[in-house]
Amino acid sequence: MKRLDLRKQIAAISLVWMMLMLPMGILAQAGGTRIDMPKNKYNIKDDVQIGNEYSAKVDQEFPILNDREAADYVADVGRRLVNSIPREFQHPEFNYRFKVVNASDINAFALPGGPMYVNRGMIEAAKNEGEMAGVMAHEISHVALRHGTAQQTKQSSIGNQILGIGAVLGGAILGGQTGAQLGAMFAQGYFLRYSRQYESQADILGARIMANAGYDPRDLANMFQTISQRSGGGGQAPEWLSSHPNPANRYRDINREAQLLRVSNNPIKYTREFGRIKEKFQSMPKAPSMAEIEKNSQRNPNSNTGTNSEMSRGRYSRNVPTPSTRAKTYQGGELFRVDIPSNWEQFPGQNDIWFAPQGAYGNQGITHGATIGLYQTQQRSLDRATDEYVKGILQSNTYLRQTTDFSRFNLDGREAYATQLSGRSPVTGQTEYAMIYTTQLRDGSLMYIIGVAPTKDSYRYNRAFNDMVRSLQISRQA
């Protein structure tokens, strides 16, 4: 059974007069704007753990440019900037490191704890080293201010914690389509689109880091002007409809900040090293865009870059072990806990978690196992939300047909629905069935459990699915 590909609907509400004010936590003063560290319920070691874990996945799933000269140059600039972080924002536990991604988009992103990735297209678009360093200083600022875990602290609704802290990653320098492509490729949205407040904080601290390192913060402002020009100037949506401030406004605000800082009379601009690397890049074959990289990965399932890339690399087998009668408990953040057969592996997604035994998962989904997740819907009633969700499943898996009506039952003390789908699996060639169980949370989202197995093995898997449903415990706050 394949994943249901659903787009999140994003609603943004703002007041126009707020656009004229500096965000909370930022206060202008002589010598630079004061920045307050955001509230954060996580420990420093959490940032480090996330960065280490997910940088390994990025290294595997993104096209990292294998060029020693370019890598050493970017790392040298990065070290200069890291050494210039103001003392109050330094974290000795962090391990800042820098790599170049062979992508044409003008972008960069950083993970909590220090790993940072710079797109080749950003370096090619920069007019001098100062502009490149400005983008890097912005991303370093997100790390130093611990915006990844701070953002998760802010997003404290229980539904956002389904996967716990492991879902916190780094934001990109630019939102919009490029940021969305990053999210679609890796972790399908795990990349946080930081709030306007955090983006403004990163711009301000980035400007201070640049000045401390001998660069001119106005070069960071100039980079946003380049971004604005590449995106068609005034064709972007209004600033208050985006989580990222408008590039034109960032240009204005960073220039204003530069007037408060002590900037070198002879700042670092165009260097021989920068010129040599840029010339080398321009002599190479054109780098693909993130959208092209994503399309290529979809055509080649063996190089899948989606959330469940580990699951997609599995190999299907005719000899799938039966569900173990022994159970292990899976803790879904603060949202739920559930017992699953002890011989099932788990594969986290953005809004779901997949469980399957060896030989039952691969690049076309699962043939035996289950998934638990959240579906965002505008439907207010459980029956309509369930009907909408099931129709989406049928549209994404055209070989399936609904074979039973919806039946009501009790799921951890909540009203719930169950139904069965069936069809010939394109993977095994056998008839499979899918049991779908749904209930609605307080915030309106639909929580679902889907159990999948060949019909011939139903007597073995029905028990496993029923045990999962009976063991499910949902937070009373959800």
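The values are calculated or read from the model by the stated rules, or taken from the named source; none is laboratory data. Since this is a predicted model, take the numbers as computed values, not measurements. Glycine also receives a Cβ, built like all others from the backbone with ideal geometry; neighbour counts cover every protein chain displayed. The area values use the complete protein model at the heavy-atom level, side chains included, leaving out ligands, DNA and RNA. Shrake-Rupley method; radii C 1.70, N 1.55, O 1.52, S 1.80 Å.
Output yes when any residue across the stretch 273-290 is within 19 Å of the chain's Cα centre (by Cα) and either open to solvent by less than 30 Å² (accessible area, probe 1.4 Å) or modelled with pLDDT under 65 (or both), and no when none is.
yes
Quickly run through the stretch 323-340 and pick out the residues that are in a loop (DSSP other than H, G, I, E, B) and surrounded by 14 or more Cβ atoms within 10 Å (Cβ to Cβ). Explain how you work it out, then say what you get.
Here is the first cut: in the stretch 323-340, the residues in a loop (DSSP other than H, G, I, E, B) are 323-326, 333-335.
Within the stretch 323-340, PRO323, SER324, GLY333, GLU334, LEU335 qualify.
Collect the residues in the stretch 60-75 that are open to solvent by 30 Å² or more (accessible area, probe 1.4 Å) and of a type in the set (Gly, Ala, Ser), keeping them in residue-number order.
Passing the criteria: only ALA71.
Specify the residue that is least open to solvent (accessible area, probe 1.4 Å); the eligible residues are those in the stretch 426-436 that are touching a residue at least 60 places away in the same chain (Cβ under 8 Å) and under 31 Å from the mean Cα position of the chain (by Cα).
ALA434
Just a yes or no: is a residue in the stretch 373-390 among the small types (Gly, Ala, Ser) and closer than 22 Å to ARG318 by Cα?
Checked against the condition, which is being among the small types (Gly, Ala, Ser) and closer than 22 Å to ARG318 by Cα, the stretch 373-390 yields no hits at all.
Can you tell which of GLY78, GLY113 is assigned to a helix (DSSP H, G or I), open to solvent by less than 20 Å² (accessible area, probe 1.4 Å) and of a type outside the set (Val, Ile, Thr)? Step through it out loud before you land on a result.
On the way: GLY113 fails: assigned to a helix (DSSP H, G or I).
Criteria check complete, one pass: GLY78.
Are any of the residues in the stretch 117-131 surrounded by fewer than 17 Cβ atoms within 10 Å (Cβ to Cβ), among the basic types (Lys, Arg), out of contact with any strand residue (DSSP E or B) (no Cβ under 8 Å at 6 or more places or on another chain) and touching a residue at least 24 places away in the same chain (Cβ under 8 Å)?
Yes - at least one qualifying residue is present in the stretch 117-131.
Might you let me know whether the stretch 12-33 holds any residue that is open to solvent by 70 Å² or more (accessible area, probe 1.4 Å), under 23 Å from TYR198 (Cα atoms), modelled with pLDDT under 90 and under 20 Å from the mean Cα position of the chain (by Cα)?
no
Check the stretch 388-410 and report whether any residue there is at pLDDT 95 or above, assigned to a strand (DSSP E or B), open to solvent by less than 40 Å² (accessible area, probe 1.4 Å) and polar (S, T, N, Q).
No.
Checking ALA356 against (1) touching a helix residue (DSSP H, G or I) at 6+ places or on another chain (Cβ under 8 Å); (2) of a type in the set (A, V, I, L, M); (3) open to solvent by 40 Å² or more (accessible area, probe 1.4 Å): exactly one of these is not met. Which one?
(3)
Can you find, within the stretch 437-467, the residue that is least open to solvent (accessible area, probe 1.4 Å) among those that are assigned to a loop (DSSP other than H, G, I, E, B) and among the small types (Gly, Ala, Ser)? Write out each step before concluding.
Taking the stretch 437-467 first, the residues assigned to a loop (DSSP other than H, G, I, E, B) are 441-445.
This time we only want the ones that are among the small types (Gly, Ala, Ser), so: 444-445.
Values: GLY444: 20, SER445: 1 Å².
Per the criteria, the residue is SER445.
Out of the stretch 39-54, which residues are in a helix (DSSP H, G or I), modelled with pLDDT of 90 or more and open to solvent by less than 80 Å² (accessible area, probe 1.4 Å)?
Scanning the stretch 39-54 gives ILE44, ASP46, ASP47, VAL48.
For LYS57, are the conditions met, namely being in a helix (DSSP H, G or I), of a type outside the set (A, V, I, L, M) and open to solvent by 30 Å² or more (accessible area, probe 1.4 Å)? Show your work before the answer.
Values: in a helix (DSSP H, G or I): yes; of a type outside the set (A, V, I, L, M): yes; open to solvent by 30 Å² or more (accessible area, probe 1.4 Å): yes.
Taking the combined requirement at face value, the residue satisfies it.
Within the stretch 360-369, take every residue that is part of a loop (DSSP other than H, G, I, E, B) and open to solvent by 10 Å² or more (accessible area, probe 1.4 Å) and give me the one that is farthest from VAL452 (Cα to Cα). Spell out the reasoning first.
Residues of the stretch 360-369 part of a loop (DSSP other than H, G, I, E, B): 360, 363-364, 367-368.
Now restrict to residues that are open to solvent by 10 Å² or more (accessible area, probe 1.4 Å): 363-364, 368.
Numbers: ASN363: 16, GLN364: 13, HIS368: 5 Å.
Going through the qualifying residues, I end up with ASN363.
Scan the stretch 90-107 residue by residue and report those that are aromatic (Phe, Trp, Tyr) and either within 13 Å of SER55 (Cα to Cα) or open to solvent by 80 Å² or more (accessible area, probe 1.4 Å) (or both).
Selection gives TYR96, PHE98.
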